[in-house]
Amino acid sequence: MDNCLFCKIIAGEIPSTKVYEDEYVYAFRDINPQAPVHILVVPKQHICCTRKIDETNSVYVAKCFEAIAKIAKAEGLDNGYRVINNCGEDGGQTVMHLHFHLLGGVSLGEKMI
Ligand code: AMP
Ligand code: ZN
């Protein structure tokens, strides 16, 4: 997708700190971390947001969550972690390429984020 920041990161056109990659998923450290571990887990197919998940592309979502389990283990998040998705304007999404925030390395408590 032209002009999509995360598509450019996946393509290597914009640098990122990669932590995981497979056929379906690219994961890298958030540039503005909100926790000691803050990783963005992104499908390699351009899907703008959760509103556009359907039976043709949901394998990418499943693969993102398989990756999250692997990354969390590799990052030592044995005590737990949080996965967040922001969708659309009201959801606070700023990059319109579906992504899941993996946050951990600290007790996040029971607040929203
Ligand atoms: P969201 O607000 O859910 O759309 O999340 C977008 C996230 O992308 C934010 O947490 C940003 O800090 C992060 N971000 C923006 N640009 C970059 C970048 N070049 N490399 C890594 N993370 C980025
Ligand atoms: Zn994209």
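The values are calculated or read from the model by the stated rules, or taken from the named source; none is laboratory data. Remember, predicted model here, so these are calculated numbers, not experimental data. Cβ: placed from backbone, ideal geometry, glycine included. Neighbour counts: every protein chain shown. Keep in mind that these areas ignore ligands, DNA and RNA; they rest on the heavy atoms of the full protein, side chains included. Shrake-Rupley method; radii C 1.70, N 1.55, O 1.52, S 1.80 Å.
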Discussion item. Considering only residues that are in contact with a strand residue (DSSP E or B) (Cβ under 8 Å, 6 or more places away or on another chain), outside any strand (DSSP E or B) and more than 19 Å from His46 (Cα to Cα), which ones fall in region 80-109?
Written reply: Gly80, Tyr81, Gly105, Leu108
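A quick yes/no check of all residues on (1) aromatic (Phe, Trp, Tyr); (2) in a loop (DSSP other than H, G, I, E, B); (3) over 12 Å from the mean Cα position of the chain (by Cα):
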| residue | (1), (2), (3) |
| --- | --- |
| Phe6 | yes, no, no |
| Tyr20 | yes, no, no |
| Phe28 | yes, no, no |
| His46 | no, yes, yes |
| Arg51 | no, no, yes |
| Val59 | no, no, yes |
| Lys63 | no, no, no |
| Ile68 | no, no, no |
| Asp78 | no, yes, yes |
Practice prompt. Could you list all residues from region 8-18 that are within 11 Å of ligand 1 (Cβ to nearest atom) and either under 18 Å from Val59 (Cβ atoms) or in a helix (DSSP H, G or I) (or both)?
Written response: Lys8, Ile9
Worksheet, complete the sentence: Of the listed residues (Val59, Val83), the one being away from ligand 2 (no atom under 16 Å from the Cβ), on the phi < 0 side of the Ramachandran plot, aliphatic (A, V, I, L, M) and touching a helix residue (DSSP H, G or I) at 6+ places or on another chain (Cβ under 8 Å) is Val83
Worksheet item: Just wondering, is there one or more residues in region 33-51 that are modelled with pLDDT of 95 or more, more than 12 Å from ligand 1 (Cβ to nearest atom), more than 20 Å from Cys7 (Cβ to Cβ) and open to solvent by less than 50 Å² (accessible area, probe 1.4 Å)?
Response: yes
Worksheet entry | Selection within region 70-92 - of a type in the set (A, V, I, L, M), surrounded by 12 or more Cβ atoms within 10 Å (Cβ to Cβ) and more than 16 Å from ligand 1 (Cβ to nearest atom) | Ala72, Leu77
Worksheet entry | region 96-105: number of residues that are over 8 Å from the mean Cα position of the chain (by Cα) and within 15 Å of Val83 (Cβ to Cβ) | 3
